[in-house]
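Read the structure below first, then the notes.
The values are calculated or read from the model by the stated rules, or taken from the named source; none is laboratory data. The shown structure was predicted, so the numbers you read here are calculated from the model rather than taken from an experiment. So basically every Cβ, Gly included, is an ideal-geometry build from the backbone, and we count neighbours across all protein chains shown. Only protein heavy atoms, including side chains, enter the accessible area calculation; ligands, DNA and RNA are left aside. Shrake-Rupley method; radii C 1.70, N 1.55, O 1.52, S 1.80 Å.
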Amino acid sequence: MQIIELTAADLRDALQRREISARETAEAYLTEIRRRESETGAYLTVTEERALEQAKEIDRRRGQGEELPELAGIPMGLKDNICTKGIQTTCASRMLAQYVPPYSAGVAEVLDTAGAVLLGKLNMDEFAMGSTTESSYFHPTRNPRNPERVPGGSSGGSAAAVAAHEAAFTLGSDTGGSIRQPAAFCGVVGMKPTYGTVSRYGLVAFASSLDQIGPLTRDVTDSALVMNTIAGRDRRDATSVDRRVSDYAARLEDGVKGMRIALPREYFGEGLDPQVKAAVEAAARRLERQGAHLLEASMPTLSGALSAYYLLSSAEASSNLARFDGVRYGYRAEGEESVAGLYQKTRSEGFGREVRRRILMGSFALSAGYYDAYYKKALQVRTLVAQDFAHLFESCDAVLSPVAPTTAYPLGSQTADPLAMYLGDIYTVPVNIAGLPALSLPCGKDAEGMPIGVQLIGPAFSEPELYRIGRALEKEAESVC
């Protein structure tokens, strides 16, 4: 088996046994990036020189007998809204096309300390606003399973890099499904952790009360392995919680016997592709055969969650993106002498259509005379969604659902209809609204061979249980997926 075909856990073991070196591992991935990038377009920046230097240092330390962290020498990539000191962080936008941060995000620092080798920064929808990675200012990313299909978004580059063997693991961000949906479309594993579990310090904000960083990996074991490193308190992030599980992989093989798993009927209604429905229901039955109890349930607020999400996220985006005004840093339009003219021209030229749309929608929702009718009502729906989940988890351990209504669709097929694209988030946004963890993993393929994803949702801080269920499903589904 080639180096790039090994999981992160297998790479860890091979590196620790010195069967391979960190440098030859990095070189294998860099070679694959050079081979596939012209078709995939997963990366915006490839840090080849840095990666080889990092790998060389890991080999030196290991050669001296130093005991290194589990991720030492494992090649990875970061979504390009995660700040990296001295390396461009563009958010796939013209506004930040030349921006080089003077500091690194908390997760970037932690991974660097752990010895993970940074291959580069990954493509995304501009400022994480989108579901296809087509709104990137630079270029679209293509799905490695079928280059004519979208990889999902906004973390499309992160998912595609793992699926194309251009990174052993990656990090993405999830505001309303941006880790889980591309993971489903590309046939990889994506974890959206509980809000506050992973530091958001240095993540360029889209919607601060919803954003969360998480891993995209080849399998469930790798996801738990990465979470062991990136989870934890960060005093620089006021929303970071001081509650870390010592080992997310400790219960992976415990099975699901006796666990109660709910299938809310609202997740399986109108608009769901029959092939997706059949694959997700088959995944549920596989868990039942292993001893889990399947429960019928209802989540009445699901129908209002999508509208509430787009109001809340757009309102927060309009506030967070106000800083990009052409004055302090980032893109600055030329030929304007007045401050008002500079602001208008800079933001009109620096932001793409989708970002402008959401800023305008958010500003409208927050404006005088409309705040109570839109933003306040969305906050009330958010409370109801959280209450719905809390009530559901009184009688079950996890919720099982589709990740998206369809599999990956053709490039360009939804760019002219943003509402159709927004509807694709209907199964993922409730999780962010409630601040809960959710795991996306492959559970089958459609008639055209495109991956289908199943979503496991749990109470706050139940990531170990979700990994346990996911691993049980993964083991039995390996012959199907």
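Test Gln290 against the stated conditions and say whether it is over 30 Å from Ala378 (Cβ atoms) and either open to solvent by 20 Å² or more (accessible area, probe 1.4 Å) or touching a Phe, Trp or Tyr at 6+ places or on another chain (Cβ under 8 Å) (or both).
Details: over 30 Å from Ala378 (Cβ atoms): yes; either open to solvent by 20 Å² or more (accessible area, probe 1.4 Å) or touching a Phe, Trp or Tyr at 6+ places or on another chain (Cβ under 8 Å) (or both): yes.
For Gln290, the condition - over 30 Å from Ala378 (Cβ atoms) and either open to solvent by 20 Å² or more (accessible area, probe 1.4 Å) or touching a Phe, Trp or Tyr at 6+ places or on another chain (Cβ under 8 Å) (or both) - is met.
Would the stretch 19-33 turn up any residue that is in contact (Cβ under 8 Å) with a residue 24 or more places away in the chain, more than 27 Å from the chain's Cα centre (by Cα) and open to solvent by 30 Å² or more (accessible area, probe 1.4 Å)? Lay out the reasoning, then the answer.
In the first step, residues of the stretch 19-33 are kept if they are in contact (Cβ under 8 Å) with a residue 24 or more places away in the chain; the result is 21-23, 25-30, 32-33.
Now drop any that are not more than 27 Å from the chain's Cα centre (by Cα), which leaves 21, 23.
Narrowing further to those that are open to solvent by 30 Å² or more (accessible area, probe 1.4 Å): 21, 23.
Yes; the residues of the stretch 19-33 include at least one that is in contact (Cβ under 8 Å) with a residue 24 or more places away in the chain, more than 27 Å from the chain's Cα centre (by Cα) and open to solvent by 30 Å² or more (accessible area, probe 1.4 Å).
In the stretch 361-405, the qualifying residues are those that are assigned to a helix (DSSP H, G or I), in contact (Cβ under 8 Å) with a residue 12 or more places away in the chain and over 17 Å from Leu302 (Cβ atoms), and the one that is most open to solvent (accessible area, probe 1.4 Å) is Tyr374. Screening Gly63, Gly41 for residues that are buried (at least 16 other Cβ atoms within 10 Å of the Cβ) and more than 25 Å from Asp247 (Cβ to Cβ) leaves exactly one candidate, Gly41. Under the condition of being more than 17 Å from Thr229 (Cβ to Cβ), open to solvent by less than 10 Å² (accessible area, probe 1.4 Å) and not β-branched (Val, Ile, Thr), the residues counted in the stretch 78-98 number 8.
Residues in the stretch 344-354 that are open to solvent by less than 80 Å² (accessible area, probe 1.4 Å) and either out of contact with any helix residue (DSSP H, G or I) (no Cβ under 6 Å at 6 or more places or on another chain) or in a loop (DSSP other than H, G, I, E, B) (or both): Lys345, Thr346, Arg347, Ser348, Glu349, Phe351, Gly352, Glu354.
Each residue in the stretch 4-29 was checked for being of a type in the set (A, V, I, L, M, F, W, C), farther than 16 Å from Thr217 by Cβ and assigned to a helix (DSSP H, G or I), and 5 pass. As a summary of the residue check, Gln414 satisfies the conditions (1) out of contact with any helix residue (DSSP H, G or I) (no Cβ under 6 Å at 6 or more places or on another chain); (2) at pLDDT below 95 except for the one numbered (1).
Somewhere in the stretch 102-109, is a residue surrounded by fewer than 24 Cβ atoms within 10 Å (Cβ to Cβ), in contact with a helix residue (DSSP H, G or I) (Cβ under 8 Å, 6 or more places away or on another chain) and in contact (Cβ under 8 Å) with a residue 24 or more places away in the chain? I'd like the intermediate steps shown before the answer.
Step one: of the stretch 102-109, the residues surrounded by fewer than 24 Cβ atoms within 10 Å (Cβ to Cβ) are 102-104, 109.
Subsequent filtering for residues that are in contact with a helix residue (DSSP H, G or I) (Cβ under 8 Å, 6 or more places away or on another chain) retains 104.
This time we only want the ones that are in contact (Cβ under 8 Å) with a residue 24 or more places away in the chain, so: 104.
Yes - at least one qualifying residue is present in the stretch 102-109.
When the stretch 328-343 is limited to residues that are surrounded by fewer than 16 Cβ atoms within 10 Å (Cβ to Cβ) and at pLDDT 90 or above, the one that is nearest to Cys91 (Cα to Cα) turns out to be Glu334. Within the stretch 307-322, not a single residue is part of a loop (DSSP other than H, G, I, E, B), buried (at least 16 other Cβ atoms within 10 Å of the Cβ) and either modelled with pLDDT under 95 or among the polar types (S, T, N, Q) (or both).
In the stretch 69-77, the count of residues that are within 18 Å of Thr141 (Cα to Cα) and either more than 21 Å from the chain's Cα centre (by Cα) or buried (at least 20 other Cβ atoms within 10 Å of the Cβ) (or both) is one or more. Among the residues of the stretch 131-150, none is identified as open to solvent by 40 Å² or more (accessible area, probe 1.4 Å), of a type in the set (Lys, Arg) and in a strand (DSSP E or B).
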